[in-house]
1. State all residues of the stretch 79-116 that are in a loop (DSSP other than H, G, I, E, B) and more than 24 Å from the chain's Cα centre (by Cα); if no residue qualifies, say none.
2. Determine, yes or no, whether residue 59 is surrounded by fewer than 15 Cβ atoms within 10 Å (Cβ to Cβ), under 26 Å from residue 239 (Cβ atoms), under 21 Å from the mean Cα position of the chain (by Cα) and at pLDDT 90 or above.
3. Would you confirm whether any residue within the stretch 6-27 is assigned to a helix (DSSP H, G or I), modelled with pLDDT under 85 and either more than 20 Å from residue 145 (Cα to Cα) or in contact with a helix residue (DSSP H, G or I) (Cβ under 6 Å, 6 or more places away or on another chain) (or both)?
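The values are calculated or read from the model by the stated rules, or taken from the named source; none is laboratory data. What you see is a predicted model, and the numbers here were worked out from it, not measured in a lab. Cβ placement follows ideal geometry from the backbone for every residue including glycine, while neighbour counts extend to all protein chains displayed.
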């Protein structure tokens with residue numbers, strides 16, 4: 001462990017985290033009622049694709065990453081190129097998803113969350129839900145590092161902090177844009193717009209959101225699993241209520257922006273940024 005990071009992986013930090021999570025959980029019913037009052041409309045969306053299409057998207061994504069890595073490795077590309085490569089792999093999968101929706105759904109890409117109307121309202125409701133859930137999400141960030149260390153894992157987020165602190169000027173601006181705008185949009189398109197409706201359809205609302213969140217968190221690795229799972233549950237619930245991809249994207253972008261700010265300006269790395277694996 002390095003410097004201030006040691007203070008994050010302690011029983012005291014985990015206890016503070018547990019208290020924040022418990023308080024947020026106790027307040028959750030009020031948050032749900034408030035969101036329903038602020039956004040009283042309910043729209044049911046049926047996925048016109050199946051699990052075979054999800055598997056194909058996953059193969060395309062992994063294949064794009066492997067191909068990109070094989071092209072970048074001989075050139076000795078830097079970390080910014082790696083971030084861009086990851087975004088390009090998501091974009092490739094996203095284009096396929098949009099084409100699939102246009103072909104199989106009468107509503108086309110709108111079925112992925114690109115509905116007209118109420119988008120500003122949905123974004124506002126999303127930020128309210130995120131703000132009210134924020135103490136609990138912070139609690140997970142404090143508790144998770146200790147749990148990982150306690151049960152035999154190795155919590156090492158320092159490389160992410162070093163990555164962003166190593167950028168400057170145009171490279172930093174590009175990395176921030178990728179982390180706060182490009183990556184959140186593409187991830188929400190694939191997970192909340194494409195995957196979640198299918199899982200909700202097959203495993204009901206809570207089960208579908210939880211399964212989507214588990215897959216989303218697993219993609220980000222063990223160091224970030226539980227905090228990202230909590231964030232994803234908020235994203236999934238807001239998406240289910242509003243059916244507006246703009247709402248989920250707005251939450252995700254705000255979350256990533258706050259985590260990048262912590263990485264850049266605090267003397268120790270934030271425990272779970274949740275946008276880079």
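1. Answer for the stretch 79-116, where residues must be in a loop (DSSP other than H, G, I, E, B) and more than 24 Å from the chain's Cα centre (by Cα): 105, 106, 107.
2. yes
3. Within the stretch 6-27, one or more residues are assigned to a helix (DSSP H, G or I), modelled with pLDDT under 85 and either more than 20 Å from residue 145 (Cα to Cα) or in contact with a helix residue (DSSP H, G or I) (Cβ under 6 Å, 6 or more places away or on another chain) (or both).
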